[in-house]
Amino acid sequence: MHRRSFLNHLTAACALASLPGLAQAQPRWTVPLDQLQERVAQRFPLRYPVQGMLDLTVHTPQLAPLPAANRLSAAMAVDAAGQALRRAHSGQLVVEFALRYEPSDRTVRAHQLRLARLQFPTLQPAVVDLLNVYGPALAQQSLMEVVLHQVKPQELALLDGLGLQPGAITVTDSGLEVAFVHRPPG
């Protein structure tokens, strides 16, 4: 169903782009937020040991668009347990990231991660400080270069024939819009 919708949308955009007066229009491809959420969920939960003292479990992120910043945020429940803790504790990790297209495998990937928040309300401040040291690395390991979407070769065949390739990725309230631009000669 997604493939048919993509091809219909793309064919219409290419037809519009060829009309007189609309030659500046470039086809766009839309990826809905729920489709991105589905793809990310396939990688979770993830587990990370922290120097033999405790283990962190990162659960499936909930993606949210940040159109004003052209980024996405991902809020993840995190569980901490282990020898250094008397009991299990739950917290939240929130990261924000930009997106990039990787032509070698036709994927849209997370990159330029920023830790927005790491909270554990029931942990002692010293332990929270320790976790904050590991927070950026945990965010990097959890989501760095995560594949959010992959385009099938047949979906790009028409564009490739027109000398177009994926270009700028724009975050919208409902997902992503990928513009197609002219491929450089060579």
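The values are calculated or read from the model by the stated rules, or taken from the named source; none is laboratory data. Values in this document were obtained by computation on a predicted structure and should not be read as measured data. Note that we place each Cβ from the backbone using ideal geometry, even for glycine, and neighbour counts take in every protein chain shown. Calculation scope for accessible area: heavy atoms of the full protein, side chains included, ligands and nucleic acids excluded. Shrake-Rupley method; radii C 1.70, N 1.55, O 1.52, S 1.80 Å.
Condition check: open to solvent by 30 Å² or more (accessible area, probe 1.4 Å) and out of contact with any Pro (no Cβ under 9 Å at 6 or more places or on another chain). Does Pro184 satisfy that? Taking the combined requirement at face value, the residue satisfies it.
Step by step: first the residues of segment 127-159, then only those that are modelled with pLDDT of 80 or more and not in a strand (DSSP E or B), then the one that is nearest to Arg47 (Cα to Cα). Which residue is that? Among residues in segment 127-159 that are modelled with pLDDT of 80 or more and not in a strand (DSSP E or B), the one nearest to Arg47 (Cα to Cα) is Val151.
For segment 26-104, give me every one of the strands (runs of 3 or more DSSP E) that falls completely inside it and has 3 or more residues that are under 20 Å from Leu176 (Cα atoms).
Of the strands (runs of 3 or more DSSP E) lying wholly inside segment 26-104, those with at least 3 residues that are under 20 Å from Leu176 (Cα atoms) span 28-32, 62-66, 71-81, 89-102.
Residues in segment 109-135 that are under 17 Å from Thr57 (Cα atoms) and polar (S, T, N, Q): Gln119, Thr122, Asn132. Of all residues in segment 45-68, those that are within 25 Å of Asp173 (Cα to Cα) and in contact (Cβ under 8 Å) with a residue 40 or more places away in the chain total 4.
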